[in-house]
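Derivation of every value follows stated rules applied to the coordinates shown; laboratory data play no part. On a predicted model such as this, the values are computed, not experimentally measured, just so you know. In this analysis, Cβ positions are derived from the backbone assuming ideal geometry, glycine residues included, and neighbour counts consider all displayed protein chains.
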DNA sequence: CTGAAAGCGCTTACAG
DNA sequence: CTGAAAGCGCTTACAG
């Protein structure tokens, strides 16, 4: 490259990086020739000097990708303009595999690591607390003094239940996942706050068939039936909607149903399509990305848990109308 | 590191790499001390010499991850033992974004690139044909003289239709996606080969509602109804199963239904769970990974398209029994 | 205004 | 059997 432009290698370097002092024509000429011959500096050599690899690692145990992909999209989106590329490491729940991946990334001098998972209340099977690179947690439990990003499940659940109340539903039941999930308890707490304690919460598993079964339980009880269902995720909501249809109960005319997750494949294919709560995982990824970057550059970042607000996605399973409509 | 062991830096290097000649005790001592202080060589410095970064890039335009994640899992699985980490770049269908990612990876001296997508008959929006690093294509269209891995859709479709025939189905209809998809035409061709040309193929879109609608069409025609449905993907199959249930047609007693993709979230949650064709994407990823690695190491690899066999996953939507049962 | 030199952390011939 | 030197491709003081 330098030889092509007829200058020394150091002059070429300075020209391209807009550093040092030299004649404007020289700088222009070097840049022009670099462009012509498609010169691109070797990031490895650059990294050796600068101690920055412009590389970060994303560690996840969410094999299925339900949570990881949107988070990854946000990270990538935020960092691509800064020239940083991201290593994706799917580690299942295998501590040895996790360690292998972490070691490989550290060898490659990653500027930081983002740990992400599928539960707010579980740790990844690897200890990241004493690394010499910054670590940020997203949608998984962090450590003391770490920066952790998570969705605000309480606020999201309130959004859902308040929406049901707002469109006139008075007997709102809550069908959700296993009680040992932190987010289940948080959503149930918010449900109780808004809807009161008249109706019990139905805890179960994260499947369509549980949504189905819960509706059977609710509708085979004596007394008044619910006119609104707040479901812990979209799969449960879909099972519930299907069960209601099979019983001849009309959604949304007779009962409004609302889900959680906004998992398109489920929410959009339900008949009718589900109104649901979106956890804004892409935004969460974006912020996590910008935060590791800040830490990598030595900028100060306040440790602690950051809760990001959820957003209500209005489709047809509740009736009512979209805000502002 | 070297100083800790009281040897020169070159001796340390040779000890750890099992190269050069030295006393066995010296070698052992260096290794032991390296282990104790947790020494790990800087891969950037190493890469600068060796011209190998032990890094590859995965380029995909499958935002949703339906195809990319299993492929990625296979790649990672195959390469982690070789110490290679993988950059994931989701490029949507944006040529500028794609180029940015490719440039960033080339700067980082990736040893190779795997391009993957969501259709066998579409190119990624970026030209990878004249890179100075090896490129392998997986589940996307490659270029002249490239190595491309894809599923054998014809064989997969035969597997499905032969299974329906084997369990006694005689009037098998085929409900599938848009005819302009190469894989749709290939699967339809295989269907005709096995089932004959008595029944038309119903082309549509890749959605549950199309599966629904197609069943309405078939069952509102005069004459005999099908006793077997081969669906172009699991979503269509699920829609069909739901429509049949709503009509009071029993699956699998009256009609056997078979899907394609083995997308767990759809196939396993259908009532009854879907028998379907798995494209073995993880295996495809594994082979693609080993192939870029071979190319990166300069080992010879025959160019061309490699078709990988699909596998039948037997659940309950067809009746009959699993092979060997 | 420009270039020679040192150095990032390693590996690999080459001397001793 | 071990170490000093050169060099991978850059950047950054430092001379000229």
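Can you pull the three principal axis extents for the Cα set of segment A:1-96, in Å, largest first?
56, 25, 22
Which order do A:37, A:167, A:91 fall in if you start with the one that has the fewest other Cβ atoms within 10 Å?
Least crowded to most crowded, the residues run A:37, A:167, A:91.
One decimal, nm, shortest first: give the distances between the label point of residue A:178 and those of the same position in the other copies, each label point 7 Å from Cα along Cα→Cβ.
4.1
For every helix of n ≥ 4 consecutive DSSP H residues, a contribution of -39,500 (n - 2.57) applies; sum these over chain B, divide by its total residues, and give [θ] at 222 nm rounded to the nearest 500 deg cm²/dmol.
Helices in chain B give a 222 nm mean residue ellipticity of -12500 deg cm²/dmol.
Among B:145, B:233, B:17, whose mean-square fluctuation peaks in a Gaussian network model of chain B (Cα, cutoff 10 Å)?
Highest fluctuation of the listed residues: B:17.
Across the residues of B:38-44, average count of Cβ atoms on other protein chains within 10 Å?
5
For a quick check: sort B:32, B:123 by the number of other beta carbons within 10 angstrom, fewest at the front.
Fewest-to-most Cβ neighbours within 10 Å comes out as B:32, B:123.
Modelling each spin label as a point 7 Å along the Cα-to-Cβ direction, I'd like the residue A:306/residue B:166 distance in nm, to one decimal.
Each label point is offset 7 Å from its Cα along the Cβ direction, giving 5.5 nm.
Of B:297, B:28, B:92, which is the most mobile in a GNM of chain B whose springs link Cα atoms less than 10 angstrom apart?
Comparing B:297, B:28, B:92 in the GNM, the peak value goes to B:28.
Once the label point is placed 7 Å from Cα along Cβ, list for residue B:265 the distances to the corresponding points in the other copies, in nm, shortest first.
Its label point is 0.5 nm from the equivalent points in the other copies.
Using only alpha carbon pairs under 8 Å that are at least six residues apart, calculate the relative contact order of chain A and give it in whole percent.
18
What does the convex hull of the Cα atoms come to per residue for the protein assembly as shown, in Å³?
Hull volume over Cα atoms, normalised by residue count, gives 208 Å³.
State the volume of the convex hull built on the alpha-carbon positions of segment B:207-325, expressed per residue in Å³ and rounded to an integer.
For segment B:207-325, the hull spanned by Cα atoms encloses 139 Å³ per residue.
For chain B, modelled as a Gaussian network with Cα springs under 10 Å, which listed residue fluctuates most, B:273, B:226, B:303?
Among B:273, B:226, B:303, the largest GNM mean-square fluctuation belongs to B:303.
Quick one: give the max-minus-min coordinate of the C-alpha atoms of segment B:57-186 along each principal axis, largest first, in Å.
Rounded to whole Å, the extents work out to 58, 34, 29 Å.
Taking a point 7 Å out from Cα toward Cβ as the label site, list the nm distances between residue A:130 and the same residue in every other copy, smallest first.
5.3
Report, in whole Å, the centroid distance computed from the Cα atoms of segment B:167-188 and segment A:53-104.
Centre-to-centre distance over Cα atoms comes out at 38 Å.
For segment A:153-279, what does the relative contact order come out to in percent, with C-alpha contacts under 8 Å and a separation of six or more?
Result for segment A:153-279 is 26 percent.
Inverting the mean 1/r over all pairs of different Cα atoms, compute the Kirkwood radius of chain A and quote it in Å.
22.4
For the residues B:191, B:64, B:39, A:203, what sequence is obtained by ranking on other C-beta atoms within 10 Å, fewest first?
B:64, B:39, A:203, B:191
Take the Cα gyration tensor of segment B:153-279, multiply each eigenvalue by 5, square-root it, and list the three semi-axes largest first, rounded to whole angstrom.
18, 17, 14
So, how do all the Cα-to-Cα distances of segment B:2-41 break down into 5 Å bins, in percent, from 0 on up?
Histogramming segment B:2-41 at 5 Å steps yields 6, 28, 43, 19, 4 percent.
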